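The values are calculated or read from the model by the stated rules, or taken from the named source; none is laboratory data. Just so it is clear, the structure is predicted and the values come from calculations on it, not from any experiment. Cβ: placed from backbone, ideal geometry, glycine included. Neighbour counts: every protein chain shown.
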Amino acid sequence: MKRKQLKFVVGSSVIILTLAFLAFSGYQESKAYYLTVPELHAMKGASAEKQLKVAGDVVPGSIDRTESKVIKFVISQADEKTHKVETLHVKYVGNDAPPDTFIDRAQAVVTGKLGDDGVFVAHEMTAKCASKYEKEAAAGVKRPTE
């Protein structure tokens, strides 16, 4: 192989490896684990500083929109083993308005980090329509969390 070809191969390899490393590290940083409220509580201190996704049902009457661009609410879910209902206080600080389906009893999935004070600070939120579940309950269909 000539010297010019060797330089081209080495240079191309360095560029490809750099791009692959940047893509991999960006993926690792944006990855979030999906947890239930009881699973998050079971993690104790291991959840600090990790990007997490947590799902639960919005507790009726807990939505507080008094602050500008901040929504505080509580989500809950029953532990499958003990059947004890566990709650998590959430502070949503996002640039986007919450989804229209974000109402009492809706299933919310929040992405963010658990603070030292036990409040989950979310920067993303999605919500499933509660009316869908009310129709299912009337028809005798059980939700996965029941």
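Could we say that T101 is over 14 Å from V37 (Cβ atoms) and either without any contact (Cβ under 8 Å) to a residue 12 or more places away in the chain or of a type in the set (S, T, N, Q) (or both) here? Outline the logic, then answer.
Details: over 14 Å from V37 (Cβ atoms): yes; either without any contact (Cβ under 8 Å) to a residue 12 or more places away in the chain or of a type in the set (S, T, N, Q) (or both): yes.
Against the criterion (over 14 Å from V37 (Cβ atoms) and either without any contact (Cβ under 8 Å) to a residue 12 or more places away in the chain or of a type in the set (S, T, N, Q) (or both)), T101 qualifies.
Mind listing whichever residues of the range 74-87 are part of a loop (DSSP other than H, G, I, E, B) and surrounded by 13 or more Cβ atoms within 10 Å (Cβ to Cβ)?
Restricting attention to the range 74-87, the residues satisfying the condition of being part of a loop (DSSP other than H, G, I, E, B) are 79-84.
The answer is D79, and nothing else.
Table: residues versus (1) surrounded by 13 or more Cβ atoms within 10 Å (Cβ to Cβ); (2) at pLDDT 85 or above; (3) farther than 18 Å from D117 by Cα.
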site: V37; (1), (2), (3): yes, yes, no
site: P60; (1), (2), (3): no, yes, yes
site: K72; (1), (2), (3): yes, yes, no
site: G94; (1), (2), (3): yes, no, yes
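Kindly establish whether V90 is in a strand (DSSP E or B), at pLDDT 90 or above, surrounded by fewer than 18 Cβ atoms within 10 Å (Cβ to Cβ) and among the aliphatic types (A, V, I, L, M).
Values: in a strand (DSSP E or B): yes; at pLDDT 90 or above: yes; surrounded by fewer than 18 Cβ atoms within 10 Å (Cβ to Cβ): no; among the aliphatic types (A, V, I, L, M): yes.
Considered against the rule, which asks whether it is in a strand (DSSP E or B), at pLDDT 90 or above, surrounded by fewer than 18 Cβ atoms within 10 Å (Cβ to Cβ) and among the aliphatic types (A, V, I, L, M), V90 comes out as no.
So if I check each of S47, S25, which one is at pLDDT below 85, surrounded by 17 or more Cβ atoms within 10 Å (Cβ to Cβ) and farther than 26 Å from D100 by Cβ? Walk me through how you get there before you give the answer.
Details: S25 fails: surrounded by 17 or more Cβ atoms within 10 Å (Cβ to Cβ).
Matching residue, one of S47, S25: S47.
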